[in-house]
Every structure is written in C-alpha cells, then in structure tokens.
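No value in this document is a laboratory result; all are computed from the given coordinates. Note that the coordinates shown come from a computational prediction; the quantities given were computed from them, not determined experimentally. Neighbour counts are summed over all protein chains in view; Cβ atoms, including those assigned to glycine, are modelled from backbone coordinates with ideal geometry.
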Amino acid sequence: MVYPNRVVLSGAQRAELRGLVGSGTAPARTLTRARVLLKVDHGDGGPGWSDAAGRTRPSPGRSTSTRARCCGCAGSSCGRA
C-alpha cells in the first residue's frame, strides 16, 4: 500500500519513543501516538505495519493513527508526536 505520509524512524528516534512508552510518565495522548509511530515505522528494524494492523485493539482509531503518522513524519521531535 502507498502511504502519503510514510514513517521512517532512525534508531535514535525509535529508542526515544520506546523509552517514552516504557516510562509511562508522558500524557496518554503522547504515549498513544508514540505507540502508533512505533507500529507503522517503515525504517530499518521497524515492523512497517499497515494502518489497519496498527489500529488493533487496544490501540487508537483511524483519526488518531492518521494524526500520529502526519505529525511523526514531518521531522518533528518525538515528543511532539
């Protein structure tokens, strides 16, 4: 499937997101978006899940997944995703 906003994370970005999710101290919205970005990462070492697979329960719905993908691929810091 062709994605208009393909997420490709570097190893450092992936490590930062995993640390954020692992600590569990960030706001729920940030943690949810970090989980989505980790699932749909098409970079080396990322699972590269489709949008449908990335939304498996207890994960977020379509709109949250889409927003996370758009914010995450814009080159912004992981904390803003």
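Label-to-label distance for residue 44 and residue 63 is 3.9 nm, based on points extended 7 Å past Cα in the beta-carbon direction. When peptides 12-18, 23-29 are sorted by average Cβ neighbour count within 10 Å, with the highest value leading, the order is 12-18, 23-29. Here each label is just a point 7 Å from Cα along the line to Cβ, and for residue 10 and residue 23 those points are 2.0 nm apart.
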